1. Does B:Asn371 satisfy the criteria of being outside any helix (DSSP H, G or I), of a type outside the set (D, E, K, R) and within 30 Å of B:Phe315 (Cα to Cα)?
2. Which of (1) among the polar types (S, T, N, Q); (2) in a loop (DSSP other than H, G, I, E, B); (3) crowded, with 22+ Cβ neighbours inside 10 Å is the odd one out, the single condition B:Asn261 does not satisfy?
3. Given the condition within 30 Å of B:Lys401 (Cβ to Cβ) and more than 14 Å from every other protein chain (Cβ to nearest Cβ), answer yes or no: does some residue in the range A:78-86 qualify?
4. Within the range A:115-137, is there a residue that is within 14 Å of chain B (Cβ to nearest Cβ) and of a type in the set (Gly, Ala, Ser)?
5. Provide a single number: the residues in the range A:254-274 that are in contact (Cβ under 8 Å) with a residue 60 or more places away in the chain and over 20 Å from A:Arg332 (Cα atoms).
6. Could you list all residues from the range A:307-342 that are of a type in the set (A, V, I, L, M) and either touching a Phe, Trp or Tyr at 6+ places or on another chain (Cβ under 7 Å) or in a loop (DSSP other than H, G, I, E, B) (or both)?
7. If the requirement is being surrounded by fewer than 17 Cβ atoms within 10 Å (Cβ to Cβ), farther than 20 Å from B:Leu9 by Cα and not polar (S, T, N, Q), which of these qualifies: A:Ile82, A:Ile49?
Amino acid sequence: MKKMTSKFIAFLMLCGILILGMVVNITLPKQEFSYSERRKLSEFPQVKIQKIANGDFFDDLEDYFLDHFVYRDFFRRIDSLIRLNIFNQKDINGIYSINGGLYKIEYPLNEESVIALSQKIEDISQKYLKGMQLYYSVIPDKSYFVSEENGYLCLDYQEMLSILDENISLSEYIDIFSCLNVDDYYLTDIHWRQDKLVKVANQIFDGMNDSYRIILEDYEIHKLSPFYGAYYGQFPLKARPDELVYLTNETTEKALVYNYYTSSYTKVYDEEKIDSADGYSVYLEGPVPLITIENPLCDNDDELYIFRDSFGSSLAPLLIERYKKIYLIDLRYASEDLIAENIDYKEGQRVLFLYSTTIINNSSTLL
Amino acid sequence: MLFSSISFLYYFLPVVLIVYFITPNKGKNFVLLIASLIFYFVGEPIYSILMIASSLSGYIHGLLINKYQGTKWAKIILVSSIIFGIGTLGFFKYADFFVENINLLLKTDLGLLKLALPIGISFYTFQILSYTIDLYRGKAQVQKSFLNFATYVSLFPQLIAGPIVRYTTIEEQLSKRKVTWENIYSGSKRFIIGLSKKVIIANTLAEIGEMFSVTDDKTVVLYWLFAIGFMLQIYFDFSGYSDMAIGLGRLFGFDFPENFNYPYISRSITEFWRRWHISLSTWFRDYVYIPLGGNKVSNWKWVRNILIVWLLTGFWHGAEWNFILWGVYFGIILILEKLVINKILMRLPKIFGHIYLLFLVLIGFVIFNANNIKEAFINIQGLFGGLEISFVNVETLYYLKKYLVVIAIALIGSTPFPSQMIKKIVENQRVQKVFRVVEPLILTSLLFVVTGCLISGSFNPFLYFRF
């Protein structure tokens, strides 16, 4: 009898979990957005005859149930714990953790992508940038500093730089690898910290044969938290969110920022964006095809054109100290031809192609 | 709908269990039928009609066979039921295979039908045929209730992925079955273990295949990792699904036959096929091999019978030449074992038999897993360094380390060792008392882990449900 009682109780327990799960999932209010995953969660699918007939409705329904499962992040953590501790895996979907920092495996080197980007730089240079001073630089992803010594797959960075060197003849290379280290990046995000970029800005000035220099002490440091970086939600185990740092001075406060996409003026830093899906958008509106910063306090007419990815957003507010105007061009959102219709490339001015190794390895993202 | 989905686990199953257990016995088959139709409809809305039509065909054929039993008409009706069943299966599953090959051979340009394969058609067709054939043979009683017959055909625990449950197996249980707490508990336990095998082990092993397909710089070791990974994946995937089916069946009072019996501990292909997908191999044995004469014929006819059965077995798995090759591959080995190899194996230490079996099965699954014959041969060449690739590289080592533990767990789990060990431990009375409390906690934990894996992972359907 005792055996039966225990089996009865055991079955009730198992069944109870399923029923309780169903009831809780149905009754709990649904979230629209997942901040830890930085994405909009699925909506309940529309009930349409065609969608039911072809099975799409039920597929979407399953996605909806998955997205809105109660304590979703807790259950994702269970999966991660099993992978890391039982299966002894070193990464979860390509993301790994070292000393509280989160990193992504970027592998293997896509030589075709590197060559394609090189050709794009050469084409743009020949077509639009004649008579200008051309430079390019590469931002290492933070895995560069930790992956090899910790046994993770990583890009062949030397080979990438060699390919770029072989294929880019019109622009001069500025090395910034040597002035960066892993602590210059956020723990939970792909990007670098603005307060660590003074040395990078100075290295770029130096590479452009410019004696101009900036110092950190000329800036006021501000912090916004919590900053949930891009990797925070991809690695379900509890990571500490970052504090997003931004630097202000009289120049950044008086700077005029014009967003060509929205045809409106905006600020260098938009603090409210810290609560958005992409907290890094605090810097210069985040991903936009064309944005300019003008420095009314500048006593020269020098301009800088930066063909960039998202890393450029936090560097430009430091570089503007030196220039009258900086154009930030993101070819992921607009083609070079479209950009050329909106701005004039002035002879004699400087151009910087500034891309991260991640973008270089996936240059098909550029239009 | 898949067993390993949130829709099934946390919505469909709880509702079905509640409704089933509160319904009086008379209404239980009706509940199961409706639940099964809903289950199938969710996965295959349009083809639900086909399944109902197939059930109706089997039912009507059965009534007619019974009515004309003992006359020539019974045989004609039986043949009609076989033509209908095999014809429907052939049309939906093999039409484009034949069209492609006709175009290739005769240089014609016939258009492909591009029909989607109805889920589970290979399983329920064979189940319906088992009914009409056994009825004709006098081994089964006619089922006069369409409700009961349709319940048998559409029963959701085994509808889309087996085991192939013959009508005679559950004939009595359709009208008379008792649900005991022992069965409910053991059914739940079996279901959760099967679910864990599928979601925790098989789905993780599936990542090896995904990784292999996107890796440009393959090595010999990577090919072996891929082959071993798939061999284990398909076992845990398929046996896991069979466990779930058997467990669910038990919950509802049905005793489904075992479909796997630790096939990887076999020492010959002959033994392997007595332990792997047992319901299919016994189906072909009883409904094709034995009617052809089995081994009670001349040697040449016996060879013919084996090759026919294994050609059909391979073809049943998929409408591609690599599946046919896979089937014929095993057919030839079985013939050679009967004639020569088994005698040699019996004289050698057991370890040789194990190595021999695992090697042949691994090659077999490399053929099975390929998209076509060319790819199968490329993959086999890759295993033996015939592709001008390096033996190993940094990337291969990384993935070897990443999946080594799950492979080791799967290897051990594919033997009877863990269950034998547990049985031995709980022989002790005191341990048994503790185990009565610990076991449900372990099962609950597994349910949580499976939920975590499902939420975390991407869609990964069971390999066999397109058969």
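1. It is true that B:Asn371 is outside any helix (DSSP H, G or I), of a type outside the set (D, E, K, R) and within 30 Å of B:Phe315 (Cα to Cα).
2. All conditions are met except number (3).
3. no
4. Taking the range A:115-137 as the starting set, the residues that turn out to be within 14 Å of chain B (Cβ to nearest Cβ) are none.
No, because not a single residue in the range A:115-137 is within 14 Å of chain B (Cβ to nearest Cβ) and of a type in the set (Gly, Ala, Ser).
5. 1
6. A:Ile320, A:Ile329, A:Leu331, A:Ala334, A:Ala340
7. Result: A:Ile49 is the single residue among A:Ile82, A:Ile49 that is surrounded by fewer than 17 Cβ atoms within 10 Å (Cβ to Cβ), farther than 20 Å from B:Leu9 by Cα and not polar (S, T, N, Q).
Condition check ((1) under 20 Å from A:Leu366 (Cα atoms); (2) free of Cβ contacts under 8 Å to residues at least 40 places away in the same chain) across all residues:
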| site | (1), (2) |
| --- | --- |
| A:Ala277 | no, no |
| A:Ser281 | yes, yes |
| A:Leu284 | yes, no |
| A:Leu290 | yes, no |
| A:Leu297 | no, no |
| A:Asp302 | no, no |
| A:Leu318 | no, no |
| A:Glu321 | no, no |
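We did not get these values from a lab; they are worked out from the coordinates using the rules stated. Note that the structure is a prediction, hence the values are computed from the model and not measured. Virtual Cβ from ideal backbone geometry, glycine too; neighbours counted across all protein chains shown.
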